[in-house]
Structures are given as C-alpha cells and as structure tokens.
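Notes for the one structure printed next.
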Amino acid sequence: MWFKRSDSRDKNAILAARQAILESLEAERGSRVIPLIHRREPWDKNGEGERITIEDSEFILMRIRETPKKQPLDLIVHTPGGLALAAEMIAMALAHHQGTVTVMVPFYAMSGGTLIALAADAILMEPYSVLGPVDPQIAGWPSGSLIRILGRKQIEAIQDQTIILSDVARMAVENMKGFVRWLLREKMPASQAEAVAEFLTGGYLTHDSPITLAVGRQLGLAAVEGVPAKVYDLFSTCEFGVCKRPCLASYAER
C-alpha cells in the first residue's frame, strides 16, 4: 500500500507497516532481514541525505550478533556509500556469519554498499540495479588520480599537501584491494579475486560508474536476478527526494 501525502506524517503507522513487511519477508524466507536503507522519511522535509555511518554499523552488528549463527541473513542495501570503516565492519561481520548471507540491491548499493555486497554468498539484483567501484576517496579526491599525479609533474612543482595525500591514497588503495581479495577468497580463484579487486579499487572508473547485474556476472560476482517483491513494499513507505535521515533509523527506534 502506498501512503498518501495526507497521511505521510503518521509516523507510527509507517513504522508499523514497515515492521509488518519485514516480519512477512522473514517468515517467507526463514531468515533474519536487516535493512540498510538511506531514503527520505515522510516526516523529514529538510536536510541532506545521509550515508553509511558508524551508527549504522553498530546497529547492524548488534542485529547480526542477535541472529543464531547458522540462520540465513538477508540485508536490504540501498545506499550511496559512506564511511569506509563502517562498511568494512559490516562486511567483516557478514563474512564471519556461518549461515547463508544474501544482500538485496533493489536500486543501488554504491561504494561502501558494494563492499558490503561483496561479503554475501548471493547478491540479488535487477537488470537496472547497480553496484559501484570501491576505490577510496581521499579528502574528496579519487585515490587513483592522487596517485597518478606524481608521475605527471615534477616533484618540485607539487605541493607538499598533495604529495602527502597521494601517499595516503596509495596506502588506502592497497588496504582496500587487500580487503576485497579477502572478502572474495572463498568465492573465486585467487587470480580472479586479484583481478576483481584491481578493477574495483584501481581508479579505472569514476566513483559513480554503474556496475550492473550483467557486469557483475562477468566479473564473477554471485549476482542473481530477482529481488523479492516485498522488498519494494518497504519503499512504498518512503517519500521520493533528498532525505535527512535513513529509513534505517526508524528501525533503530523500535
């Protein structure tokens, strides 16, 4: 059911509807369903959209901790990305979970969202769903560009700050590449994992380049077509446009 604008501010009704959708999805799949959804809240009319935060990781890690070790986990991920540390913590927790882990991407899971998806046993997408590169962004600049700039100018012509940022970028890329290899270590041969890690972290694409279901399959990711219909029911309770707080926050309040 889509909420009309007249009743969109009925917060309790919306939260109850979301909870019912999650419980129905859990019953249908026999799993623990955890949302990581950054969208406009009907009661939040101002502000900028949030991204993956350390608070998100705390909430999700607690939910995973509460889940029986061998029970399947389903994460619904809809995010532009965010804090790398938070995404890495969530990915590590998923990688260590003994039950089957599925990440559902109804629309997009960029940057840190992709990192989380790489930890899953299966990534459910649609032909129009997208993942993205996971190359670190340093002080708002793409790491690949910061690294390459040292080879394009005389060192004397480069500011000290840029040299430092380039060095940090190099370390960040190597760390991220190693982390991606670790996430993929049991999902594909080592040589293939190395190639995927290089492709996703090496700065060959702009940070917002879409990686579709078809491309994900070509890379060897466990991408499967078909997101459950009930996942989209969650979005019927969200308004479209720029948001201040993620839908995730609503679940934390319950």
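A few comments on the model shown:
- When segment 117-143 is filtered for residues that are among the acidic types (Asp, Glu) and out of contact with any helix residue (DSSP H, G or I) (no Cβ under 8 Å at 6 or more places or on another chain), only 121 remains.
- Failed item in (1) modelled with pLDDT of 95 or more; (2) more than 18 Å from residue 107 (Cβ to Cβ); (3) touching an Asp or Glu at 6+ places or on another chain (Cβ under 9 Å), with residue 192 passing the rest: (3)
- Summed over segment 81-118, the residues that are under 14 Å from residue 37 (Cβ atoms) and either among the aromatic types (Phe, Trp, Tyr) or surrounded by fewer than 20 Cβ atoms within 10 Å (Cβ to Cβ) (or both) give a count of 2.
- Scan segment 11-40 for residues that are farther than 22 Å from residue 101 by Cβ and either under 19 Å from the mean Cα position of the chain (by Cα) or not assigned by TED's automatic domain parsing to the domain that holds residue 51 (or both) and the total you get is 2.
- Criterion applied to 227, 231 was being closer than 20 Å to residue 75 by Cβ, β-branched (Val, Ile, Thr), modelled with pLDDT of 95 or more and part of a loop (DSSP other than H, G, I, E, B), and the one residue passing it is 227.
- From the list 184, 165, the lone residue that is more than 23 Å from the chain's Cα centre (by Cα), outside the structural domain of residue 108 (by TED's automatic domain parsing) and surrounded by 16 or more Cβ atoms within 10 Å (Cβ to Cβ) is 165.
- Among residues of segment 60-77 that are free of Cβ contacts under 8 Å to residues at least 40 places away in the same chain and in the same structural domain as residue 100 (by TED's automatic domain parsing), those with a Cβ under 6 angstrom from a residue that is part of a loop (DSSP other than H, G, I, E, B) and surrounded by 13 or more Cβ atoms within 10 Å (Cβ to Cβ), sequence gap 6+ or separate chain, pair up as 70/99.
The values are calculated or read from the model by the stated rules, or taken from the named source; none is laboratory data. None of these values were measured; they are calculated from a predicted model. For neighbour counting, all protein chains shown are included, and Cβ atoms are generated from backbone atoms with ideal geometry for every residue, glycine included.
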